[in-house]
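To start, the structure itself, in structure tokens.
The values are calculated or read from the model by the stated rules, or taken from the named source; none is laboratory data. In this text, all values refer to a predicted model and were calculated from it rather than measured experimentally. Cβ: placed from backbone, ideal geometry, glycine included. Neighbour counts: every protein chain shown. Remember, those area values only see protein heavy atoms, side chains included, never the ligands or the DNA or RNA. Shrake-Rupley method; radii C 1.70, N 1.55, O 1.52, S 1.80 Å.
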Amino acid sequence: MPAPLLRGARALRPAAVAGVLGLAGVAVALAGAHHGGARPPGTGRAGSVGAGGMVVSAGPGFDAAGLAGPVAPPRSCHTRRAADGMVLPDPRCTPGAVDAAVDRAGASATVCRPGWSARLRPPEALTEPDKRRALAAYGEGGPPSAYELDHLVPLELGGSSATANLWPEPDDRPRPGVANSKDPVEDALHALVCRGRRGRRPPLGLAQRLVAENW
């Protein structure tokens, strides 16, 4: 990936990309490791629980009836702070969820194709009610416009729209045109997965776990 993009992502939020900066040995070691994680309060229609506590959805995590999975009760979820002060979701409520269809087909046939995220993004008519419920679950009293209903594992990395992958991320607006600091990290990880140098390209599953555990 272009060096300026990587440097920009590292300057904003280094934690998730630190393990995939071209260090092939680290990537291989992490890819084979099991990362423990708390399970969500329930998975409902969302799917089974896979590696690192992430939910594995059979598909994109939503249909015409709504988003898959339950939303935790009001004020039962609590954000936490990373060492650099960035807000992270509660892993009990938002462990992350991935689309099993992406894993089966492979990154080159799915997330690395132009327009993948746009095709898999649920309409606001489905997400807005869940955004209000997610704000209540996390005890956030600010205006909804100050938050993004964020995919913890982004769609561009094979994330699902199941409720186990959605949380109310506060917009910190680190620079003009960027709503929150997580966005450039997602773009950097996507670029590494899809356009990284051969032999130094991290597995998609590794990128998913990194961003889910500590983006």
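What to note about this one:
- Inter-part distance where region 73-140 and region 153-215 are each reduced to a Cα centre, Å: 10 Å
- Per the Debye formula on identical point scatterers at the alpha carbon atoms of region 48-90, with no solvent, log10 I(q)/I(0) at q = 0.17 Å⁻¹ is -0.74.
- With 10 Å bins from 0: P(r) over region 63-215, alpha-carbon pairs, percent: 11, 41, 36, 11, 1
- Long-range amide H partners of Gly158 with built H, under 5 Å: none
- Karplus (6.51, -1.76, 1.60) ³J(HN,Hα), θ = phi - 60°, over region 183-195, in Hz, Gly and Pro reported as x: 4, x, 5, 4, 5, 5, 5, 4, 5, 5, 5, 9, 10
- Whole-number D in µm² s⁻¹ for region 136-215, Kirkwood Cα-pair radius fed into Stokes-Einstein, 25 °C, 0.890 mPa s: 179 µm²/s
- Under-5 Å amide H pairs with Glu148, H placed in peptide plane, nonlocal only: Glu169, Asp171
- Peptides 197-207, 141-151, 171-181 ordered by average Cβ neighbours within 10 Å, highest first: 197-207, 141-151, 171-181
- Karplus-derived HN-Hα couplings along region 138-146 (A = 6.51, B = -1.76, C = 1.60, θ = phi - 60°), whole Hz, x at Gly and Pro: 8, x, 8, x, x, x, x, 5, 8
- Amide H contacts of Ser181 (H built 1.01 Å from N, under 5 Å, at least 5 apart or other chain): Asp172, Arg173
- Normalised contact order of region 62-172, rounded percent, pairs of Cα under 8 Å and 6 or more residues apart: 40 percent
- Computed with every protein chain present, the accessible area of Cys93 is close to 20 Å² [probe 1.4 Å].
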